[in-house]
Amino acid sequence: MMFIEPLIGKNLPYEARGHLEIICGSMFSGKTEELIRRIKRAVIAQQEVKIFKPAMDHRYHPIKIISHNDNTVVSTPVQTAQEILKLSEHSDVIGIDEVQFFDYQIVSVAEELAQSGKRVILAGLDMDFEGKPFEPMPQLMAIAEFVTKLHAICMKCGSLAAYSFRLSDFKELVMLGEKEHYEARCRKCFYEDKK
């Protein structure tokens, strides 16, 4: 599969370069890995980069974003999306992980950052554990210039997986967890076991 990275025109005025990039998919699909890859390329290009994550997500580390392949990048944990505006004033590229854990303010914050000329890269789950759109990701996907949907491998049959299957009966929308609580599933296996 060939991935074409968004191009930033060299002859465009700085204000015209702002845009939104969404990286979405199920758990274990490589969203954070792709976010880190794009961030590291921006650093190589000597752009000012700032990375954020929700403060509530401290599964791996209090301030680092860590992929399942153990790639890491230091981030700033924030309680609200509004904090991102204040903390990213002098940055060219903004990376935000686990976007589904933010409230709807993240949509207007991302829009404002892009309007101010910043490249905004947002990564998060596009569906919840019930297979329903995980807000606010659908809103962000609709206004983004670039959307990349990644897939995992189904833990039951080995097909491409787009769903995050929760292994417990816990019914709350947000339940932080990893392989002990979730499996990636294809559509068929997800709905067979969801019954």
Note to self: For a 31 Å ceiling on Cα separation, which of these pairs sit above it: K118/K156; K40/K156; K53/K132?
What the structure shows: K118/K156; K40/K156
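Give, as a single signed number, the net charge of other residues whose beta carbon lies under 9 Å from the beta carbon of L20, with Lys and Arg counted +1 and Asp and Glu -1.
Numbers: positive: R119; negative: E21, E111, E145.
That works out to -2.
Would you please report the Å³ per residue occupied by the convex hull of the alpha carbon atoms in the range 16-151? Working shown, then result.
Working: hull volume 13.3 nm³, N = 136.
So the per-residue hull volume is 98 Å³.
Sort L20, L85, L122 so that the residue with the fewest other Cβ atoms within 10 Å of its own Cβ comes first and the one with the most comes last.
Working: L20 23, L85 17, L122 29.
Fewest to most other Cβ atoms nearby, the residues stand as L85, L20, L122.
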Checklist line | In range of the label at V43: residues from the range 73-99 whose backbone nitrogen is under 12 Å from the point 7 Å along Cα→Cβ | finding: 73-75
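Compute the FRET efficiency between Q82 and A142 as 1/(1 + (r/R0)^6), taking r as their Cβ-Cβ distance and R0 = 22 Å, and round to the nearest 0.05.
0.55
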Notebook entry, point to check: Tally Lys/Arg at +1 and Asp/Glu at -1 over every other residue whose Cβ is under 13 Å from the Cβ of C157; what's the total?
Noted result: +1
Next item on the list: Name the residues whose placed amide hydrogens come within less than 5 Å of the amide hydrogen of A81, ignoring near sequence neighbours (fewer than 5 apart) on the same chain.
Entry: D103
Next item on the list: Any chance you could tell me what percent of the C-alpha pair distances in the range 125-173 go past 16 Å?
Entry: 50
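Each value in this text was obtained by applying a stated rule to the coordinates, not by laboratory testing. Please read these numbers as outputs of a predicted model, since none were measured by experiment. FYI the Cβ positions are ideal-geometry reconstructions off the backbone, even for glycines, and counts take in every protein chain you see.
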